[in-house]
1. How much length is gained on full extension from E88 to M47, taking 0.36 nm per residue of separation minus their Cα-Cα distance?
2. Taking R0 as 30 Å, what FRET efficiency do you get between L11 and L56 from their Cβ-Cβ distance, rounded to the nearest 0.05?
3. Given a Förster distance of 30 Å, report the FRET efficiency between R134 and L176 from their Cβ-Cβ distance, rounded to the nearest 0.05.
4. Give, rounded to the nearest 20 debye, the magnitude of the charge dipole that the range 143-184 has about its Cα centre when Lys and Arg contribute +1 at Cβ and Asp and Glu contribute -1 at Cβ.
5. For the range 7-62, just the Cα atoms, rotate onto the principal axes and tell me the three extents in Å, largest first.
6. Label the range 108-182 by shape, choosing from rounded, prolate and oblate, from the square roots a ≥ b ≥ c of the eigenvalues of the Cα gyration tensor; if a/c is under 1.5 it is rounded, and otherwise prolate applies when a/b is larger than b/c, oblate when it is not.
7. How big is the dipole moment of the range 7-62 about its Cα centre under a simple scheme where the beta carbon of each Lys and Arg is +1, that of each Asp and Glu is -1, and everything else is neutral? Debye, nearest 20, please.
8. Taking the alpha-carbon centroid of each part, what is the distance from the range 3-52 to the range 164-183 in angstrom?
Amino acid sequence: MGRVKLKIKRLEGYSNRQVTYSKRRTGILKKAKELSILCDIHIILLMFSPTGKPTLFLGERSNIEEVIEKFAQLTPQERAKRKLESLEALKKTFQKLDHDVNIQNFLGATSQSVEEMTNEVSMLEAHLTEVHKRLSYWSNPDKIDNIEHLTQMEDSLRESIERIRIHKGNFGKHHLMSLECANQVFQNGIPMPIMIGGVQEAQPITWLPNNENQQMLLHNEPKFLPHRRHMVVLSSDLLSDM
């Protein structure tokens, strides 16, 4: 009679899970210690029991802060690659032991194998190299020996110049309208600060020493003031003295 195939899945019943954890915890800790000594590696093993009680194992020369910092320095791509490699090795181990386990439960429905991820990385690196090569042509067009490529670059430059020209024209119109609006305000005798470039830079000019006066706000730069007409408002007291 052959061996009974062990199905790796979540045990039903809280007590069954607790008993199994207690039995296997000691063996896992022993294997971790042996691996740390035999291979002289940094190792951290953290487990939580079904009741939530933690168990932490550190290698003889391991420091938890240093190990976590070293792991944090790995890129997300490298972490994913290491996880896939570990799960692939785990899958082979389960097959040797004749355990029935679905490795996709650990990977997820859309996860890739190590080989697929390696191929994708190679394709992305090749694409990145090609992009860098094309960008270098703009700084040194003498390297280009293809008339079609030169024509494409010329067309691209023409389109960029046209977009810049249109944007420049629209910006100039908007700026001119702002100046004309400010000029009209002063001609109508409405005291208002001039807005240049969206920043208000005005200073009050007091015409009379007392508070019975009117104020006109003038820009710090005289060249922005309209030259057609200047308004001077005098108080009734000054007019009577003339």
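1. Values: separation 41, 0.36 × 41 = 14.76 nm, distance 2.19 nm.
So the extension gain works out to 12.6 nm.
2. The pair L11/L56 has a calculated efficiency of 0.80.
3. With R0 = 30 Å, the Cβ-Cβ based efficiency is 0.15.
4. Dipole size: approximately 280 debye.
5. So the extents along the principal axes, rounded to whole Å, are 39, 24, 15.
6. Values: a/c = 4.84, a/b = 1.82, b/c = 2.66.
Oblate is the answer for the range 108-182, as a/c is 1.5 or above yet b/c matches or exceeds a/b.
7. Details: 12 positive and 4 negative charges, 69 e Å.
Taking the Cα centre of the range 7-62 as origin, the dipole is about 340 debye.
8. Comparing the Cα centres of the range 3-52 and the range 164-183, I get a distance of 73 Å.
Each reported figure results from applying straightforward, stated rules to the coordinates on display, with no laboratory input. The model shown is predicted, which means the values in this text are computed figures rather than measured ones. Cβ atoms come from the backbone with ideal geometry, glycine included; neighbour counts cover every protein chain shown.
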